[in-house]
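Taking it in order: structure first as structure tokens, then the write-up.
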Amino acid sequence: ELLANSITTTQVAELIGCQAITTVHDRRKAGTLLGLKDNGVYKFPLRQFDPEGDDGVIDRLPELLKTLQISDFAKLNWLMKPSRAIEVLKSGNKDDIEDLLVEARGVGVAQ
């Protein structure tokens, strides 16, 4: 269900304008794109992409993904739950984005 609105590696490459799908895999491995394997195929939630953003993704999303110290599945769950994360990043409001990054640092940290 979380991957219902996702695209394949080839589609990501087309969307962000890169020639090789290895670039997409490299970015996934580096933690700057969120992609999860589903039935042997990597799928990338469409919600993370913005043709106007740096490198074709929502501005500062790579920073947020790296800040979340949890599994990729947990990241997907956190980003796709009814949350304001994507909307905050899209807004570009520096204060709200910094608050979001502070919140992300606490995700997965034992209390």
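The values are calculated or read from the model by the stated rules, or taken from the named source; none is laboratory data. The shown structure was predicted, so the numbers you read here are calculated from the model rather than taken from an experiment. Note: ideal-geometry Cβ built from the backbone for every residue, glycine included; neighbour counts use all protein chains shown. Surface areas here come from the heavy atoms of the whole protein model, side chains and all, with no ligands, DNA or RNA. Shrake-Rupley method; radii C 1.70, N 1.55, O 1.52, S 1.80 Å.
Using alpha carbons only, how many angstrom separate the centre of the stretch 46-111 from the centre of the stretch 1-42?
Here the answer is 17 Å between Cα centres.
What nm value, rounded to one decimal, do you get for the distance between K66 and D54 when each label is placed 7 Å out toward the C-beta?
Here the answer is 0.9 nm between the modelled labels.
Considering only protein heavy atoms and a probe of 1.4 Å, how much of the accessible area of the stretch 13-111 is carbon and sulfur, as a whole percent?
49
Quick check for you: with a 1.4 Å probe and neighbouring chains kept, what is the accessible area per residue of the chain, in Å²?
Per-residue value: 59 Å².
Computed FRET efficiency, Cβ-Cβ of R105 and K29, R0 25 Å: what is it to the nearest 0.05?
Rounded to the nearest 0.05, the efficiency is 0.70.
Would you mind checking which residues have amide H under 5 Å from K43's amide H? H placed 1.01 Å from N; only 5 or more apart, or other chain.
Excluding prolines and chain starts, which carry no amide H, the hits are L36, K37, D38.
Using only Cα positions of the chain, each an equal point scatterer, no hydration layer, compute I(q)/I(0) via Debye at q = 0.14 Å⁻¹ and quote the log10 values to two decimals.
-0.53
Just to be sure I follow the rule: in the stretch 9-111, considering lysines 8 or more places apart or on different chains, how many pairs have Cα atoms under 18 Å apart?
12
What nm distance separates the two modelled labels at N5 and K94, each placed 7 Å from Cα along Cα→Cβ?
3.0
What residue among G17, G35, G56 has the largest mean-square fluctuation in a Gaussian network model of the chain, using Cα springs under 10 Å?
Its mean-square fluctuation being the largest, the pick is G17.
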